[in-house]
Amino acid sequence: MVLTIRPSRLDEVADLNALIERSARSLSRGFYTTTQTEALIHHVFGVDTQLVLDGSYFRSEEHTSELQSH
């Protein structure tokens, strides 16, 4: 497995926001109530599209190597 890092694109914002929501729900469990977590997701968490537009919001991608050791 190889990870690469690259700038995000505007067409990926919905998928990135979905990932942030899943992460927030999972990581907040035991620290915040469900109501608090949902309020954070709605008002605080999410992709800053200005950072996407200026090229400073990055993401990683996983690639499977075509070369395999035997």
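Only the coordinates and a few stated rules stand behind these numbers; no lab work does. The model shown is predicted, which means the values in this text are computed figures rather than measured ones. Neighbour counts run over all protein chains shown; Cβ positions are idealised from the backbone, glycine included.
Six or more apart or on different chains, Cβ under 9 Å: which pairs go from a residue in region 50-62 that's on the phi > 0 side of the Ramachandran plot to one that's surrounded by 11 or more Cβ atoms within 10 Å (Cβ to Cβ)? Could you list them?
From residues that are on the phi > 0 side of the Ramachandran plot, the pairs are GLY55/PRO7; GLY55/SER8.
Please specify each residue of region 1-25 satisfying the condition of being of a type in the set (S, T, N, Q) and over 16 Å from VAL44 (Cβ atoms). Spell out the reasoning first.
Quick first cut of region 1-25, residues of a type in the set (S, T, N, Q) only: 4, 8, 17, 23.
Across region 1-25, the qualifying residues are THR4, SER8.
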